[in-house]
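Heads up, the thing below is written out as structure tokens.
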Amino acid sequence: MVGAQARASSSLRRTLARAFSSSSISPFFHGIHVFQCPDSVGIVARLSECIASRGGNIHCVDVFVPEDKQIFYSRSEFAFDSTRWPRDVLESDFQKIGKHFNAERSIVRVPDLDPRYKIAVLASKQDHCLVDLLYRWQEGRLPVDINCIISNHPRTSNTHVIRFLERHGIPYHYLPTALGNKREQEMLELVEDTDFLVLARYMQILSGGFLQAYGKDIINIHHGLLPSFKGGNPSRQAFEAGVKLIGATSHFVTEELDAGPIIEQMVERVSHKDNLTSFVMKSENLEKQCLSQAIKSYCELRVLPYENRKTVVF
Amino acid sequence: MVGAQARVSSSLRRAAARAFSSSTSPFFRGIHVFQCPDVVGIVAKLSECIASKGGNIHCVDVFVPENKRIFYSRSEFSFDPSRWPRHVLESDFQKLAKHFGAERSIVRVPDLDLRYKIAVLASKQDHCLVDLLHRWQDQRLPVDINCIISNHPRAPNTHVIRFLERHGIPFHCLPTGPGKKREEEILELVEDTDFLVLARYMQILSGGFLQAYGKDIINIHHGLLPSFKGGNPSRQAFEAGVKLIGATSHFVTEELDAGPIIEQMVERVSHKDNLTSFVMKSENLEKQCLSQAIKSYCELRVIPYESRKTVVF
């Protein structure tokens with residue numbers, strides 16, 4: 001089976017699997033609720049009462065209210081019996097609370113019932129992040145459906161990536177870019193049915209027009225510790241600066257290059273023993289970890305935009 | 001006793017203590033750092049020299065970069081000064097240095113040689129200065145502190161002033177202003193030092209000062225260079241929404257916050273941090289990073305490398 005069929009049937013398969021294993025022993029599903037609203041007394045009480053009244057058992061709550069702003073952010077994880085609290089009632093119950101508190105954001109998600117997030121991955125010539133993502137996805141560690149891969153760099157049919165994608169029925173679209181021709185219109189069409197995009201060392205700058213037209217989140221990996229070494233070849237910049245630490249940064253894409261809200265950063269030590277090659281190698285390791293960590297956090301609804309340049313990461 | 005007397009007698013005391021304890025252990029620890037054009041046979045020659053005098057090598061770091069024929073090494077060894085007197089040690093290594101056309105050949109016996117003499121410059125922020133002084137008092141900073149120079153006054157009942165008075169370390173308040181950096185006076189006060197430490201000293205030292213002083217100056221920058229150069233890097237970091245903040249210790253050059261980096265450290269920050277906790281975490285890092293850099297420097301682990309970097313063994 002390929003593409004969309006695989007996805008729909010995958011979702012059904014998962015639900016059935018849960019149902020068959022759950023009928024006699026464990027009808028409980030795992031739910032996540034994320035909430036953002038103007039702060040007032042009683043929000044946590046109300047949210048938790050709602051969950052408890054439906055027999056839901058809260059496992060985990062993160063609440064954050066900044067010192068200097070009356071904004072309430074929370075993320076709760078809970079187990080619930082879907083026979084007692086059906087998915088659609090879950091949705092409307094939280095919607096009511098969202099309305100009541102005039103919430104800017106109220107998202108509920110039941111990973112085992114809801115369709116997986118659909119993503120497209122954009123890459124250029126560098127393989128390492130793309131291959132790492134695909135491998136994690138194959139191992140079931142990346143809870144997404146991959147609609148397609150888009151690249152401005154060709155890959156022949158006997159390459160690891162192409163064979164992998166063919167085995168899994170994931171389309172690969174080669175869209176070579178050139179000055180003045182970013183192929184953005186075509187990309188927009190290809191990614192229309194996605195929930196978010198991942199730039200896995202995609203070396204083209206997406207225009208403001210594209211960002212607006214797409215309208216959804218785009219996660220990028222920058223192979224440097226922002227705001228150091230913005231732009232090109234940060235490994236070489238770091239090498240020449242004689243730093244003792246190098247890093248990678250995953251962040252949301254905004255119009256300004258390498259300046260969107262940061263999701264995750266990681267570092268590794270370097271010394272005189274490192275040459276440019278080992279700088280690059282260490283950097284590639286970091287990029288893989290940092291990007292996959294960001295995507296994982298995002299899929300688990302842990303990442304919330306905060307003020308205009310930051311994120312809350314629960 | 002104060003100042004110079006304390007230093008000399010301290011050095012004598014240490015040597016005497018070692019000598020008296022030496023009936024069981026006559027061995028002293030030596031450190032040799034070497035930099036010369038690379039050829040075959042340097043390690044053989046250095047180690048033969050040490051072995052021939054009964055010295056026992058404990059530790060060797062050798063580094064030759066891929067793309068340059070320059071040899072860097074640092075060796076630690078123990079030796080019997082009755083068999084290999086200090087001045088013979090010195091001349092033996094000098095001969096080797098001549099033989100190899102060495103750019104750098106430094107031998108140091110911490111328990112016999114004079115301690116490094118430093119001056120510490122600070123401004124209003126106390127934390128790095130206080131941390132340094134405490135470590136020095138706990139004998140974790142193997143230096144003699146000639147004086148503290150600050151462009152910010154401190155009243156006699158402050159912790160720093162009382163501490164300095166107890167230990168006989170002069171405190172010089174040299175307020176600065178536009179066009180008035182007091183560099184001439186500073187130069188006089190630090191003439192007899194081996195290196196300087198800028199412990200959050202917020203004035204930029206001029207190229208003229210750096211040339212006139214001529215010796216190494218170690219600075220702590222409260223940010224992860226080259227990010228956030230200049231003023232208030234904690235605030236810059238806070239507003240940039242980074243998830244990691246850091247500190248950098250480096251040698252001072254004419255260009256602000258751009259000299260060869262010696263050490264860098266980071267800590268995680270998140271949405272739970274406000275500007276205050278950013279600053280607090282940063283101050284912790286600065287203290288650790290600066291003292292680590294000074295320690296490495298005193299142990300002869302830091303060697304300038306190319307124009308902007310360091311080898312840190």
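Express as a percent, rounded to the nearest 5, the fraction of DSSP beta bridges in the protein assembly as shown (both residues included) that run antiparallel. Walk me through the numbers on the way to the answer.
Values: 77 of 111 bridges.
The antiparallel fraction comes to roughly 70 percent.
Calculate the dipole size of the protein assembly as shown relative to its Cα centre from +1 charges on Lys and Arg beta carbons and -1 charges on Asp and Glu beta carbons; express the result in debye to the nearest 20.
Values: 77 positive and 71 negative charges, 221 e Å.
Dipole of the protein assembly as shown, to the nearest 20 debye: 1060 debye.
As I understand it, the dipole of segment A:117-313 uses +1 on the Cβ of Lys and Arg and -1 on the Cβ of Asp and Glu, about the Cα centre. Which of A:L304, A:L276, A:H160 lies farthest toward its positive end?
A:L276
What number, in nm² with one decimal, is the all-direction average of the projected area of the convex hull of the alpha-carbon atoms of segment A:117-313? Spell out each step's value before the answer.
Values: hull surface 45.0 nm².
If I average the Cα hull's projected area over directions, I get 11.2 nm².
Show which aspartates and glutamates lie in cross-link reach of B:K287 when reach means a straight Cα distance below 17 angstrom and same-chain residues fewer than eight apart are skipped.
Reachable aspartates and glutamates: B:D126, B:D131, B:D138, B:E263, B:E267.
With a point put 7 Å past each Cα toward its Cβ, work out how far B:A155 is from A:V61 in nm, to one decimal.
4.7 nm
Using a 1.4 angstrom probe and counting only protein chains, how large is the accessible area of B:M265 in Å², to 10?
Approximately 40 Å² of B:M265 is accessible to the 1.4 Å probe.
Are there any trypsin sites (Lys or Arg not before Pro) in segment B:115-175 that are in a DSSP loop and have at most 12 other Cβ atoms within 10 Å? List them by number. Show your work: numbers first, answer last.
Values: sites: B:R115, B:K117, B:K124, B:R135, B:R140, B:R154, B:R162, B:R166; in loops: B:R115, B:K124, B:R140, B:R154.
Answer by residue number: B:K124, B:R140.
Could you point to the residue in A:H173, A:G260, A:G247 farthest towards the positive end of segment A:117-313's charge dipole, with +1 and -1 charges on the Cβ of Lys/Arg and Asp/Glu respectively?
Toward the positive end, the furthest listed residue is A:G247.
Starting from the amide H of B:G30, placed 1.01 Å from N in the peptide plane, find each other amide H under 5 Å away whose residue is 5 or more places distant or on another chain.
Correct list: B:F77, B:S78, B:F79.
Only sites in a loop by DSSP and with at most 15 other Cβ atoms within 10 Å count here; which trypsin sites (Lys or Arg not before Pro) in segment A:235-279 make the cut?
Listed in order of number, the matching sites are A:K273.
Residue farthest toward the positive end of the dipole of chain A, with Cβ of Lys/Arg at +1 and Asp/Glu at -1: which of A:V65, A:L47, A:P234?
So the residue we want is A:P234.
Which value results when the Cα radius of gyration for the protein assembly as shown is divided by 2.2 N^0.38 Å?
Values: Rg = 30.9 Å, N = 627, 2.2 N^0.38 = 25.4 Å.
With N residues counted in the protein assembly as shown, Rg over 2.2 N^0.38 Å equals 1.21.
Whole-Hz Karplus ³J(HN,Hα) for segment B:251-256, in order, using 6.51 cos²θ - 1.76 cosθ + 1.60 and θ = phi - 60°, x for Gly and Pro?
Those phi angles translate into 6, 8, 10, 4, 7, 4 Hz.
Taking every pair of distinct Cα atoms and averaging 1/r, then inverting, what Kirkwood hydrodynamic radius in Å comes out for segment A:88-152? Can you show the working numbers first?
Details: mean 1/r = 0.0688 Å⁻¹.
14.5 Å is the Kirkwood radius here.
If you take every DSSP beta bridge fully contained in chain B, what fraction is antiparallel? Give it as a percent rounded to 5.
Values: 38 of 55 bridges.
Approximately 70 percent, going by the DSSP bridge assignments.
Other chains near B:233-246: what is the mean number of their Cβ atoms within 10 Å of each residue's Cβ? Walk me through the numbers on the way to the answer.
Values: counts 0, 0, 0, 1, 1, 1, 4, 7, 15, 10, 15, 10, 1, 6.
Average per residue, whole number: 5.
Percent of alpha carbon pairs in segment B:16-129 separated by more than 18 Å? Numbers along the way, then the final one.
On the way: 3632 of 6441 pairs.
Roughly 56 percent, once rounded to a whole number.
Shape of segment A:152-200 from its Cα gyration tensor (a ≥ b ≥ c, root eigenvalues): rounded if a/c is under 1.5, otherwise prolate when a/b > b/c, or oblate?
oblate
With n ≥ 4 as the cut-off for DSSP H runs, can you work out [θ] at 222 nm for chain B, using -39500 (n - 2.57) per run divided by the number of residues, rounded to the nearest 500? Before the final figure, lay out the partial values.
Details: 9 runs with 110 residues, N = 313.
Theoretical 222 nm ellipticity from helices: -11000 deg cm²/dmol.
Taking the alpha carbon gyration tensor of segment A:29-81, what are the square roots of 5 times its eigenvalues, largest first, to the nearest whole Å?
Details: eigenvalues 100, 25, 10 Å².
Those come to 22, 11, 7 Å.
Using the crude model of +1 on Lys and Arg Cβ and -1 on Asp and Glu Cβ, and no other charge, please compute the dipole size for chain A relative to its Cα centre, in debye to 20. Numbers along the way, then the final one.
Numbers: 37 positive and 36 negative charges, 130 e Å.
Computed about the Cα centre, the dipole is about 620 debye.
What is the sum of charges around A:K244, taking Lys and Arg as +1, Asp and Glu as -1, for the other residues whose C-beta is under 14 Å from the C-beta of A:K244?
Details: positive: A:R269, A:K273, A:K282, B:R301, B:R308, B:K309; negative: A:E240, A:E268, A:D274, B:E263.
Around A:K244, the charge tally is +2.
Mean Kyte-Doolittle of at least -0.5 plus a Cα span of 18 Å or more along the axis: flag which DSSP H helices in chain A meet both, please. Kindly include the intermediate steps, with their values, before the conclusion.
Details: long enough: A:3-22 (28 Å, -0.36); A:87-100 (20 Å, -1.10); A:276-299 (34 Å, -0.12).
The qualifying helices are A:3-22, A:276-299.
The values are calculated or read from the model by the stated rules, or taken from the named source; none is laboratory data. The structure displayed is predicted, hence computed values, not measured ones. FYI the Cβ positions are ideal-geometry reconstructions off the backbone, even for glycines, and counts take in every protein chain you see. The area values use the complete protein model at the heavy-atom level, side chains included, leaving out ligands, DNA and RNA. Shrake-Rupley method; radii C 1.70, N 1.55, O 1.52, S 1.80 Å.
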